[in-house]
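Report on one structure; see the data block that follows.
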Amino acid sequence: MIQKPKGTYDVYGSEGQTILYIENVLRALMDRYNYEYVRTPHFEASELFHRAVGETTDIVTKETYDFLDRGERKMTLRPEGTAGVIRSFVENKMYARDVMPVKTWYYGPMYRYERPQAGRFREFYQFGVEVFGSKEAMADAEVISIPVTLYKLLGLKGIQVNINSLGDTESRERYREALIKHFEPHLDELCEDCKERFVKNPLRILDCKVDHDLDIMKQAPKTIDYLNEESKKHFEEVQEYLKAMDIVYAIHPSIVRGLDYYTHTVFEVEASVEGFGSQNVLCGGGRYNHLVKNIGNVDVPGVGFALGMERLVTALACEQIDLCSEALDVYVIPFEDTKKEALSLVQTLRLSGFKVDTDYMNKNMKANFKQADKKNARFILLLGSDEVKENLLTIKNNHTKEEYKIQKEDLIAFLDEAFLEECACKECGGNHEEME
Ligand code: HAM
């Protein structure tokens, strides 16, 4: 039997329902934030990622899926979304619009040839945003507020927002020099990759997956101690805006992020709930003031973030949050001679917005009642031939076990009222106050 490729997974059952539910919440949320949807190809010219993500990052040196197409062009399956969205922003001249900033969101699969483990896949789904044209700290704070709002809407409690600043080019250069000074006397303690990183890009030593427990890593200088006045001011403003939105955060000086493009603000949101495992970073992002220029020669600042769908689903499971009630609104039980009428009724109910199922297996009455229970049906509808003749229906509340005989034309009104009363609230999974 051929099996799925290593590091990939199938979605089915309740996980599929959960993912669809989250996708709907994300769409509605982006509408509220007034962001526009962009979709870019799943593969791009390899050079795009080399330029954007950085030649010395783990992603580019070890993790990309590269291939030559039949025209001998070097292509790469996208390892992240930012580079492609920037390419699109420039190629489609979105920078020439008269409304700024341009606020975009995207969602789709990304590919990294990483060592698979819980929370780390080779094909995974990211939702992300990129905001172009504003260098103001207010834009950074808005971007940070998006995952925080999403997690709140979904009911997650165990999350921790960590922020840091890498500063502008001058601050980053000062920090780079400090890192060289710090690591130079300890080069022989570092792994072979880090020795190379020391020469090419010392910042990357800090996200080494091999050396991260060494004392010299823990004692490394902190970026915020090397910020110049302007960078400090920007970082302070970000914090003031976060406080204005009641977003609780911690300054985490060790966050440098695994991609090369950041300037000023960087942030990550961690799941702090027990049992999550080591891959507990739910999302990450930050500001990139020079990346658009590096990729497309247009001097426009940007800020964004991306979250991993798989880790979000795990966080919900760890907090035992069940977003998708599997309940059916109505299960219709047809009799031998009323199957057509039953199917017609199923169709009418579905068109009216109810979640409905019926028997397609020619089961007997007892087995059908069992099915209705298994499918967690709120109401059971019985359609006997005598009732059809009289234009009547028998409807049973499967929770209270009460039974009613009603006119066929009163059915929708009957159900509407019943659902309104009990506020089944399928749209928000019981979280309706916050969704409104
Ligand atoms: P990133 O930190 O590489 O940032 O990825 C963002 C999120 O994607 C991570 O926090 C994690 O939830 C998820 N993720 C990353 N790799 C994997 C994997 N192998 N398996 C499962 N989930 C994964 C970026 O990608 C940047 N483009 C974010 C950004 C947007 N910065 C500015 N704008």
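Total residues in the stretch 276-294 satisfying the condition of being over 15 Å from GLU80 (Cα atoms) and either part of a helix (DSSP H, G or I) or within 20 Å of the chain's Cα centre (by Cα) (or both): the figure is 10. Scanning the stretch 210-248 for residues that are within 16 Å of the ligand (Cβ to nearest atom) and either surrounded by 13 or more Cβ atoms within 10 Å (Cβ to Cβ) or in the same structural domain as GLN160 (by TED's automatic domain parsing) (or both) gives a single hit, VAL238. For the stretch 316-359, filtering for residues that are in a strand (DSSP E or B), hydroxyl-bearing (Ser, Thr, Tyr) and either free of Cβ contacts under 8 Å to residues at least 40 places away in the same chain or open to solvent by 10 Å² or more (accessible area, probe 1.4 Å) (or both) leaves 1.
Looking at GLU114, GLU130, can you tell me which residue is within 9 Å of the ligand (Cβ to nearest atom), in a loop (DSSP other than H, G, I, E, B) and in contact with a strand residue (DSSP E or B) (Cβ under 6 Å, 6 or more places away or on another chain)? Reasoning before the result, please.
Values: GLU130 fails: in a loop (DSSP other than H, G, I, E, B).
None of the other options fit; the residue is GLU114.
Among the residues making up the stretch 261-279, those that are in contact with a strand residue (DSSP E or B) (Cβ under 6 Å, 6 or more places away or on another chain) and either more than 29 Å from ARG51 (Cα to Cα) or buried (at least 21 other Cβ atoms within 10 Å of the Cβ) (or both) are TYR261, TYR262, THR263, HIS264, THR265, VAL266, PHE267, GLU268, VAL269, ALA271, SER272. Only one entry in GLY258, GLY286 is more than 27 Å from ALA413 (Cα to Cα), surrounded by 14 or more Cβ atoms within 10 Å (Cβ to Cβ), assigned by TED's automatic domain parsing to the domain that holds GLY84 and modelled with pLDDT under 95, namely GLY258. Looking only at residues in the stretch 405-429 that are small (Gly, Ala, Ser), more than 21 Å from the chain's Cα centre (by Cα) and surrounded by 15 or more Cβ atoms within 10 Å (Cβ to Cβ), which one is modelled with the lowest pLDDT? It comes out as ALA424. The criterion of being out of contact with any Lys or Arg (no Cβ under 8 Å at 6 or more places or on another chain), at negative phi and either open to solvent by 60 Å² or more (accessible area, probe 1.4 Å) or not in a helix (DSSP H, G or I) (or both) does not hold for GLU142.
Picking from residues in the stretch 306-326 that are under 23 Å from THR82 (Cβ atoms) and not aliphatic (A, V, I, L, M), the one that is nearest to the chain's Cα centre (by Cα) is GLY308. Among the conditions (1) touching a residue at least 40 places away in the same chain (Cβ under 8 Å); (2) more than 14 Å from the ligand (Cβ to nearest atom); (3) not aromatic (Phe, Trp, Tyr), the only one that LYS74 does not satisfy is (1).
Pairs under 6 Å by beta carbon, first residue over 19 Å from LEU312 (Cβ atoms) in the stretch 255-275, partner within 7 Å of the ligand (Cβ to nearest atom), six or more apart or different chains? Correct list of pairs: ILE255/GLU268; TYR261/TYR288; TYR262/GLY286; TYR262/TYR288; THR265/GLY286; VAL266/ARG257; VAL266/GLY286.
The values are calculated or read from the model by the stated rules, or taken from the named source; none is laboratory data. Everything quoted here is computed from the prediction, not taken from an experiment. Heads up, the Cβs are rebuilt from the backbone with ideal geometry, glycines too, and the neighbour counts pull from every protein chain shown. For accessibility, only protein heavy atoms count, side chains too; no ligands or nucleic acids. Shrake-Rupley method; radii C 1.70, N 1.55, O 1.52, S 1.80 Å.
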